[in-house]
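Worksheet for the structure shown next.
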Amino acid sequence: VSATTSGGGGGPVDYQAEDGVITNGVVESNHTGFTGRGFVNVDNATGSALEITVNAAAAGGADVVVRYSNNTTSTRPVSVSVNGGAGSTLEFPKTADWNTWATVTVHVNLNAGTNKIKFTSTTDNGGPNYDKITV
């Protein structure tokens with residue numbers, strides 16, 4: 001699934017996590033408040049991941065807003081990479097429960113055309129539950 005962002009004042013585009021490529025995880029719908037058909041629950045393991053394909057009308061910086069849930073005792077860090085490049089760390093703080101969704105934002109540089117944004121768990125705790133990504 002892909003959509004196109006537009007330059008020159010175009011609005012944000014939502015990408016449902018369940019439409020991405022999941023490494024060591026599943027699509028679930030057992031918690032309330034998600035958007036789309038469900039959310040992605042990646043395994044509690046280093047290397048579990050979600051990759052979303054996005055399109056950009058022009059090259060440049062973009063804010064990526066991740067809607068997530070994390071009802072654990074600790075922050076869950078992931079590495080965010082674009083098109084296989086070097087990753088930067090993004091932290092997902094605890095939420096009140098699995099039915100409570102929050103957002104975190106990371107700024108990335110996109111190429112004109114198709115881009116792959118990958119969120120890879122960096123600890124054995126895995127990442128959060130991913131609902132949607134807005135670019």
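In region 47-58, the qualifying residues are those that are surrounded by fewer than 17 Cβ atoms within 10 Å (Cβ to Cβ) and in a loop (DSSP other than H, G, I, E, B), and the one that is modelled with the lowest pLDDT is 57. Within region 92-135, if we keep just the residues that are touching a Lys or Arg at 6+ places or on another chain (Cβ under 8 Å) and without any contact (Cβ under 8 Å) to a residue 60 or more places away in the chain, the residue that is most open to solvent (accessible area, probe 1.4 Å) turns out to be 103.
Within region 93-128, the residues that satisfy the criterion of being over 21 Å from residue 23 (Cβ atoms) and part of a strand (DSSP E or B) are 102, 103, 105, 107, 109, 110, 113. The number of residues in region 16-46 being assigned to a loop (DSSP other than H, G, I, E, B), open to solvent by less than 50 Å² (accessible area, probe 1.4 Å) and not aliphatic (A, V, I, L, M) comes to 5.
The combined condition, being part of a loop (DSSP other than H, G, I, E, B) and over 13 Å from residue 134 (Cα atoms), is not fulfilled by residue 61.
Results for (1) in contact with a Leu (Cβ under 9 Å, 6 or more places away or on another chain); (2) within 17 Å of residue 11 (Cα to Cα); (3) among the hydroxyl-bearing types (Ser, Thr, Tyr), shown as yes or no for each residue.
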| site | (1), (2), (3) |
| --- | --- |
| 49 | no, no, no |
| 57 | no, yes, no |
| 82 | yes, no, no |
| 98 | no, no, no |
| 126 | no, no, no |
| 134 | no, yes, yes |
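Return yes when residue 71 is assigned to a loop (DSSP other than H, G, I, E, B), in contact (Cβ under 8 Å) with a residue 24 or more places away in the chain and not aromatic (Phe, Trp, Tyr) and no when it is not. Spelling it out, residue 71 is indeed assigned to a loop (DSSP other than H, G, I, E, B), in contact (Cβ under 8 Å) with a residue 24 or more places away in the chain and not aromatic (Phe, Trp, Tyr). Evaluating residue 76 against the criteria (1) within 20 Å of residue 26 (Cα to Cα); (2) touching a residue at least 60 places away in the same chain (Cβ under 8 Å); (3) surrounded by 21 or more Cβ atoms within 10 Å (Cβ to Cβ) leaves one unmet condition, (2).
The values are calculated or read from the model by the stated rules, or taken from the named source; none is laboratory data. Small disclaimer: the values here were computed from a predicted structure and weren't measured. Quick reminder, even Gly has a Cβ in these numbers, built from the backbone with ideal geometry, and neighbours come from all protein chains shown. The protein model used for the area step is the full one, side chains on, heavy atoms only, and it has no ligands, DNA or RNA in it. Shrake-Rupley method; radii C 1.70, N 1.55, O 1.52, S 1.80 Å.
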